[in-house]
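The values are calculated or read from the model by the stated rules, or taken from the named source; none is laboratory data. All values reported here derive from a predicted model rather than from experimental measurement. Note that we place each Cβ from the backbone using ideal geometry, even for glycine, and neighbour counts take in every protein chain shown.
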Amino acid sequence: MDRARSFRLEAVVLRHADWGEADRLLSLYSRERGKVRAVAKGARRIRSRKAGHLEPFTRVVLQLAKGRDLPIVTQAETLEAYLPLRENLLLTGYAAYVVELLDRFTYEDEGENYALYRLLVETLGRLAAGDDPWTALRYYEVHLLEHLGFRPQLFTCVNCAAEIEAVDQFFSPAAGGVLCPRCGAGLPGAWPVSMDVLRYLRHFQRSDYAAARRAQPAAETRAEAEALMQKYFTYLLERSLHSPDFLKQIRK
């Protein structure tokens, strides 16, 4: 934090936790400073005016004062509540996945990353507006990786640099991309990946969202792409995410 006694942030509430007897500890992703933690004094009291503005997935403007350890929320105003994300349990699960991914990959004091903030806000907006969740989430995943510096190579073999042909390939998380059948067959840690899945992921990599949302993959392609991306994130994070299990329970 800088030396200013008071400052404003536009942010999305990623999560909160109980803090002390009546306070809340907030994890925020802000437009101006990236990931920030703050304390909302008295937010768990029934009459708190701030509590309704500080629910997860809410986009807010906050006025904060410098505290002894963490900044303290003195004012809160909702910019976008994304109400459908709280009214539909499946959408709640999708939103939880979006914020968990960002939360796991980012740290406090990394500073401003407007591209990540914009991607987060746009993705929550797309889910709340009723866009196809599969398209919104895969587009989010692909571009999150790009903004974080983990963009996978999907157009040439990461080992021999050969152009990818229109046949099923392999994906190596350790190598950071696709392996052709000659390089990937039998290689430990290389996962088979269909050409259909690669085609859609490559399309999402090089397209804006308007073009990406025209994609109409088959059900089996959707399932394979989702499984591939979650395995890749587990590899990069070196641990599993919680929200995919929550989504599986809801879908049942």
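Please state which of the following conditions residue 187 fails to meet, knowing it meets all the rest: (1) without any contact (Cβ under 8 Å) to a residue 12 or more places away in the chain; (2) of a type outside the set (Phe, Trp, Tyr); (3) over 26 Å from residue 118 (Cβ atoms).
In the conditions (1) without any contact (Cβ under 8 Å) to a residue 12 or more places away in the chain; (2) of a type outside the set (Phe, Trp, Tyr); (3) over 26 Å from residue 118 (Cβ atoms), residue 187 misses (1) alone.
In the range 228-252, what residues are free of Cβ contacts under 8 Å to residues at least 24 places away in the same chain and surrounded by 14 or more Cβ atoms within 10 Å (Cβ to Cβ)?
Across the range 228-252, the qualifying residues are 230, 234.
Assess whether residue 155 counts as being surrounded by fewer than 17 Cβ atoms within 10 Å (Cβ to Cβ), within 16 Å of residue 206 (Cβ to Cβ), in the same structural domain as residue 234 (by TED's automatic domain parsing) and under 26 Å from the mean Cα position of the chain (by Cα).
Yes: the conditions hold for residue 155.
Output yes when any residue across the range 179-201 is closer than 24 Å to residue 91 by Cβ and buried (at least 18 other Cβ atoms within 10 Å of the Cβ), and no when none is.
Yes: one or more hits.
Looking for something at pLDDT 95 or above, crowded, with 17+ Cβ neighbours inside 10 Å and touching a strand residue (DSSP E or B) at 6+ places or on another chain (Cβ under 6 Å) - is there at least one such residue anywhere in the range 131-152?
Looking for residues that are at pLDDT 95 or above, crowded, with 17+ Cβ neighbours inside 10 Å and touching a strand residue (DSSP E or B) at 6+ places or on another chain (Cβ under 6 Å), one finds at least one in the range 131-152, hence yes.
Among the numbered conditions (1) aliphatic (A, V, I, L, M); (2) at pLDDT below 95; (3) on the phi > 0 side of the Ramachandran plot, tell me where residue 161 comes up short.
(2)
Quick one: would you say residue 177 is more than 19 Å from the chain's Cα centre (by Cα), assigned by TED's automatic domain parsing to the domain that holds residue 103 and modelled with pLDDT under 95?
no
Table: residues versus (1) in a helix (DSSP H, G or I); (2) over 18 Å from residue 230 (Cβ atoms); (3) modelled with pLDDT of 95 or more.
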position: 61; (1), (2), (3): no, yes, yes
position: 64; (1), (2), (3): no, yes, no
position: 67; (1), (2), (3): no, yes, no
position: 70; (1), (2), (3): no, yes, no
position: 82; (1), (2), (3): no, yes, yes
position: 91; (1), (2), (3): yes, yes, yes
position: 99; (1), (2), (3): yes, no, yes
position: 102; (1), (2), (3): yes, no, yes
